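Participant: Sharing a structure below in structure tokens format, with a few things to ask.
Quick note: the coordinates plus some simple rules give every number you see, no bench work behind them. Note that the structure is predicted; figures quoted are calculated from it, not measured. Cβ: placed from backbone, ideal geometry, glycine included. Neighbour counts: every protein chain shown.
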Amino acid sequence: MSYVFDPSSAPNAKVNMPSTAPVPGLAAHIADKKATEAAEEAKWQKTYSDYEAAKTKAESEGAEPPKPPVRPVAKSDAYDMQWPVPKEPEDQDLKTLVELLGESVEETFEQAGELICQINKTAILNALTTCNQEVSLRYEMLSDMTATHYPAGDGYKFSVVYHLTCIRRRKRLRLRVLIPEGFEPESATQVYPGANWLEREIFDMLGIRFANHPDMTRILCPDDWEGHPLRKDYPVVGLGQRNVDFREDRSGKLMRRAMEAAGHLNINLKPIKAD
């Protein structure tokens, strides 16, 4: 007996690709706010235009004119929980980065007490070196690295984020780069050796390769694994590479559990029959 997985039969095998790329940032927040205000203004103009048309029609027919619409007033949110939105940078570290890196800095902002600096994709190694060696900064530790897939992004498909920590001053800083498909950012191991496994995990899960990395190989999935599980185009149920063998299941307990789960998930279990 063996477990044969057919991903096409599972209802959660279908992948719904996102149509937007909501990368957080100050410019994106301002643009979204302006778009919301413009949509509300257009809605009010449409309401008032409909009123004017109805009023003109009523006057021509000698009927009683409709009541004029009242423009809605925004509710006060003074007592509501405020969602942390991006705001103008005030921290000295962000101002120092702008002074030292110049045009390499694409955007800086603060959100929820975090310092975020978006760097040009070709200047990330210089930015990491500056954060590590500049006396006024001295972010001596790379505490984490992560990446996100944005298939609907315009001019980019991924964001790579570096979480830096200054232990002496108890501060954290995020460096972010937006990269297109196939672009290889410089490896952070040249400045922070601890980035070795973090970059291998990003390569394994998202397929982003890092230039000049000492060992750019998978770290979680086998070398022959197809696809990258954290991409948006990868189905939640996987691609069917994992075939579980129940030959050692003498009591049949695992098989019964698998059959029960298959009934709930509509997974195709095909026990092998002897000829």
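Participant: How large is ³J(HN,Hα), in whole Hz, for each residue of region 70-77 in order, when computed from phi with the Karplus curve 6.51 cos²θ - 1.76 cosθ + 1.60 and θ = phi - 60°, using x for Gly and Pro?
Facilitator: So the Karplus estimates, Gly and Pro as x, are 10, 5, x, 9, 4, 6, 6, 10 Hz.
Participant: Once amide H atoms are placed 1.01 Å from N in the peptide plane, what residues at a sequence separation of 5 or more from residue 141, or on another chain, have their amide H within under 5 Å of its amide H?
Facilitator: 165, 167
Participant: Show me, bin by bin at 10 Å from 0, the whole-percent P(r) of region 15-104 based on Cα pairs.
Facilitator: For region 15-104, the binned pair fractions read 12, 21, 24, 19, 13, 7, 3, 0 percent.
Participant: Oh, and also: Considering only Cα-Cα distances, which of the following residue pairs are longer than 29 Å: 43/67; 46/157; 43/157?
Facilitator: With Cα atoms farther than 29 Å apart: 46/157; 43/157.
Participant: Separate question: What order, most packed first, do the peptides 117-128, 188-199 have when packing is the mean number of other Cβ atoms within 10 Å of each residue?
Facilitator: 117-128, 188-199
Participant: At 0.36 nm per residue, and after removing the present C-alpha to C-alpha distance, how many nm does the segment from residue 58 to residue 156 gain when stretched out fully?
Facilitator: 29.8 nm
Participant: Moving on. Once fully extended, how much extra length lies between residue 220 and residue 33, figured as 0.36 nm per residue of separation less the alpha-carbon to alpha-carbon distance?
Facilitator: The span from residue 220 to residue 33 would gain 63.2 nm if fully extended.
Participant: Out of the GluC sites (Glu not before Pro) in region 90-162, which ones are loop residues according to DSSP with at most 13 other C-beta atoms within 10 Å?
Facilitator: Listed in order of number, the matching sites are 90.
Participant: Quick one: if the Förster radius is 30 Å, what FRET efficiency do residue 46 and residue 181 give, using the C-beta to C-beta distance and rounding to 0.05?
Facilitator: Efficiency, from the Cβ-Cβ distance: 0.15.
Participant: Pull out the extension gain between residue 19 and residue 126, defined as 0.36 nm times the separation in residues minus the alpha carbon to alpha carbon distance; nm, one decimal.
Facilitator: Gain in length upon complete extension: 35.2 nm.
Participant: Return one quarter of the surface area of the convex hull spanned by the alpha-carbon atoms of region 92-206, equal to its mean projected area, in nm².
Facilitator: That works out to 7.1 nm², a quarter of the Cα hull's surface.
Participant: Let me ask you something else. Within 10 Å of each candidate Cβ there may be at most 12 other Cβ atoms; applying that plus a DSSP loop requirement, which trypsin sites (Lys or Arg not before Pro) in region 164-233 survive?
Facilitator: Passing both the DSSP loop test and the Cβ count: 168, 169, 170.
Participant: Pairs 33/87; 33/171; 34/87: which are spaced more than 19 Å apart, C-alpha to C-alpha?
Facilitator: 33/171
Participant: Quick one: which residues, 5+ away or cross-chain, put their amide H under 5 Å from the amide H of residue 158? H built at 1.01 Å from N.
Facilitator: The answer is 150, 179.
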